[in-house]
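Engineer: Got a structure for you, written out below as structure tokens; questions coming shortly.
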Amino acid sequence: MPIKVLDPKVVSRIAAGEVVERPASVVKELVENSLDADSTQISVEVRGGGVGLIRVMDNGAGIPSGEVELAFDRYATSKIGELADLEGIESLGFRGEALPSIAAVAQVDIVTCTAGESVGTHLSLKDGVVVNRGSQGRSPGTTITVNNLFRRVPARLKFLKSPATENSHIANVVSQYALAFPEVKFTLLIDGKAVLRTAGSGRLMDSVIEVYGLEIAQNMVEVDSQNRGWESGTVVSPPRVTGMAGSPAVSRSSRSYLSFFVNRRWVSSRMLAWAVEEAYHGLLMQGRHPVAIISISLPPEQVDVNIHPAKTEIKFQNEHIVFGAVQRATRQALIELAPVSKIEEVATAYVSPPSAPRLWTSAGGGDRPATSPSPTYPTPVVSLPLLRVLGQLASDYIVAEGPDGLYLIDQHAAHERVLYEKIKQQRSGQKVEVQGLLEPVTFEVNPKQDAVLKSHYEDLAQFGFSIEPFGDRTYLVRTVPALLHNKDWVGMVRELLDSLSGGDWVESIAVSIACHSAVRAGQSLTDDEMRELLRQLEQVTMPHTCPHGRPTMIHLSSGQLKREFGRS
Ligand code: ADP
Ligand code: MG
């Protein structure tokens, strides 16, 4: 579409406002323009925290010579034409505001050339006014250079942080788009130093390695909602959710490692962050946040991007459907980590001395044939290597040896994890093992517990508790989960009733039963019992954390041990 100034009717409907808040906003707008122009290579160069220089160079469609001036007019865009187009925006830009806003607060030079032109166009603007125009040779694409940003807006300049902080915002913008567009080759130079360079291979994994490093990348698992069938009966089909999610082992203390892209637009959304964190329920410790890159694709008319000038906030037509889809796809990815062949695979890992701890191993069972139609990421598996029991420490921990070093396993936390997964499995298969009591037992509850219990007989029954009212705040119990036989199940139920006011009841019951039936800390275990516990732990899907999210074990690799003892 040629660049045209939008009709005032359309202008009045767009969420206009200041888009150039700081150097990183300039970088964001320019990179978005390059992406909208279908570039496959984008290089960004900045100096002096972006205030000195920002240059974005791409190999995209370019701007035809006759339209270059127009691109700097307010509300001039080639991306939408009429009011109706606002309902289904597929491009990253659409307001025709970025270039004029940038030109108003900086000195801008543009060199651009389209594929059909033999020579490119050069234009210089100062204070938004064209001061120079000419022809210049360049291959198809666009280079925009922004100098002296905010020099004439001291109020803005004053509010900027240190160059290091502005640089980190800029690096974040480029990193996020590198994650959103793995098929595009990004380069970022800060003060002459290359800080990011992606291959443009089209594989998200490659971008993750560049952006977050190998250690995090090795601990990521692929998320794809199409890997499972959706529940039938939903009125609106849920969006496709793809991306990668980090193992609980690489959690972070802030949410800054959570990235969301909606139809490839980088967005911030508390709702989406919440959906992902819900998926990690029971896997992370309090105050820890996951690493995840989540892309949501849905028909553009189901999302409104026109609510904030920077376009980073969006509104979904069906928020709860998106929430559910993101949560399920992420959870699914975390749960389906363990393939059936886990044990043999781990055994192989044992024979060939691994160079790194193989807590996450490839689910594919070796390399795929070279003819593999689509690129496959190694699917991490949270399986444990085979462990050999050495003994028990302080009646609390099992000391074991693995293919790569020493493992100290918290017996209570480990057993909790084993039982928790067993309980959940039994419940979902409706095969809960129940223990009938010789004599029904009565127990009394306080008014608050009474109120909670009244609305949750059903949930408790699903886990094997048969509880019925027996007069004033008294209840009669006929059966309990077999796991709790001879355990303090009355205490457990009381605790459960006290701790719950809302939230996920079923989850809490499972956690609570696991906690109360697991071996205690301080309990001595025989060698056989320890071996059996480890054997069971090898079978679970999430052996590294207990259902409360605490770690079940500490691993000291052979390398770490050598280092500790000062041997090279
Ligand atoms: P918007 O992106 O909202 O359309 P901008 O002010 O960012 O508004 O850009 C105005 C127009 O200039 C775009 O619609 C596009 O046609 C053109 N343009 C800007 N940057 C580029 C680029 N890197 N490559 C090709 N065309 C561009
Ligand atoms: Mg734009």
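Engineer: It is to be established whether one or more residues within the range 160-171 are within 16 Å of ligand 2 (Cβ to nearest atom) and hydroxyl-bearing (Ser, Thr, Tyr).
Structural biologist: no
Engineer: Let me ask something else about it. Hey, which of the helices (runs of 4 or more DSSP H) in the range 1-107, taking only ones fully inside, have at least 3 residues that are more than 9 Å from ligand 1 (Cβ to nearest atom)?
Structural biologist: Working: elements: 8-11, 23-36, 68-71, 98-104.
Result: 8-11, 23-36.
Engineer: Among the residues of the range 72-111, write down those that are within 15 Å of ligand 2 (Cβ to nearest atom), small (Gly, Ala, Ser) and either crowded, with 22+ Cβ neighbours inside 10 Å or within 19 Å of Ser34 (Cβ to Cβ) (or both).
Structural biologist: Ala76, Ser78, Ser91, Gly93, Gly96, Ala98, Ser101, Ala103
Engineer: So Gly391 passes all but one of these: (1) modelled with pLDDT of 50 or more; (2) under 30 Å from Gly522 (Cα atoms); (3) surrounded by 21 or more Cβ atoms within 10 Å (Cβ to Cβ). Which condition number does it fail?
Structural biologist: (3)
Engineer: If you don't mind, there's one more thing I want to ask. Take the residues of the range 24-56 that are crowded, with 20+ Cβ neighbours inside 10 Å and over 29 Å from the mean Cα position of the chain (by Cα): which is nearest to ligand 2 (Cβ to nearest atom)?
Structural biologist: For the range 24-56, the residue satisfying everything is Ile54.
Engineer: Does Ala84 satisfy the criteria of being touching a strand residue (DSSP E or B) at 6+ places or on another chain (Cβ under 8 Å) and of a type in the set (A, V, I, L, M)? Talk me through it step by step, then tell me what you get.
Structural biologist: Details: touching a strand residue (DSSP E or B) at 6+ places or on another chain (Cβ under 8 Å): no; of a type in the set (A, V, I, L, M): yes.
Considered against the rule, which asks whether it is touching a strand residue (DSSP E or B) at 6+ places or on another chain (Cβ under 8 Å) and of a type in the set (A, V, I, L, M), Ala84 comes out as no.
Engineer: With the condition kept exactly as written, say whether any residue in the range 112-121 is under 26 Å from Val173 (Cα atoms) and within 16 Å of ligand 2 (Cβ to nearest atom).
Structural biologist: Yes, the range 112-121 contains at least one residue that is under 26 Å from Val173 (Cα atoms) and within 16 Å of ligand 2 (Cβ to nearest atom).
Engineer: Would you please list the contacts, defined by Cβ atoms under 6 Å and residues six or more apart or on different chains, that run from a residue in the range 68-97 that is closer than 18 Å to Arg264 by Cα and aliphatic (A, V, I, L, M) to a residue that is away from ligand 2 (no atom under 11 Å from the Cβ) and assigned to a loop (DSSP other than H, G, I, E, B)?
Structural biologist: If the second residue must be away from ligand 2 (no atom under 11 Å from the Cβ) and assigned to a loop (DSSP other than H, G, I, E, B), the pairs left are Leu86/Asn306; Ile89/Val305.
Engineer: I've got another one for you. Which one of these is polar (S, T, N, Q) and crowded, with 22+ Cβ neighbours inside 10 Å: Thr165, Thr187, Thr142?
Structural biologist: Details: Thr165 fails: crowded, with 22+ Cβ neighbours inside 10 Å; Thr187 fails: crowded, with 22+ Cβ neighbours inside 10 Å.
Criteria check complete, one pass: Thr142.
Engineer: How many residues does the range 509-538 hold that are out of contact with any strand residue (DSSP E or B) (no Cβ under 8 Å at 6 or more places or on another chain) and in contact (Cβ under 8 Å) with a residue 12 or more places away in the chain?
Structural biologist: 14
Engineer: Restricting to the range 511-560, count the residues that are within 20 Å of Ala279 (Cα to Cα) and touching a Gly at 6+ places or on another chain (Cβ under 9 Å).
Structural biologist: Total meeting the criteria: 7.
Engineer: Further question on the same structure: Has the range 203-223 got any residue that is more than 16 Å from the chain's Cα centre (by Cα), farther than 24 Å from Pro248 by Cβ and either β-branched (Val, Ile, Thr) or surrounded by fewer than 16 Cβ atoms within 10 Å (Cβ to Cβ) (or both)?
Structural biologist: No; the residues of the range 203-223 include none that is more than 16 Å from the chain's Cα centre (by Cα), farther than 24 Å from Pro248 by Cβ and either β-branched (Val, Ile, Thr) or surrounded by fewer than 16 Cβ atoms within 10 Å (Cβ to Cβ) (or both).
Engineer: Which numbered condition in (1) more than 16 Å from ligand 1 (Cβ to nearest atom); (2) surrounded by 23 or more Cβ atoms within 10 Å (Cβ to Cβ) is the only one that Ser118 fails?
Structural biologist: (2)
The values are calculated or read from the model by the stated rules, or taken from the named source; none is laboratory data. Quick caveat, the model's predicted, so the values are computed rather than measured. Every residue, glycine as well, gets a Cβ built from its backbone with ideal geometry; the counts of neighbours run over all protein chains shown.
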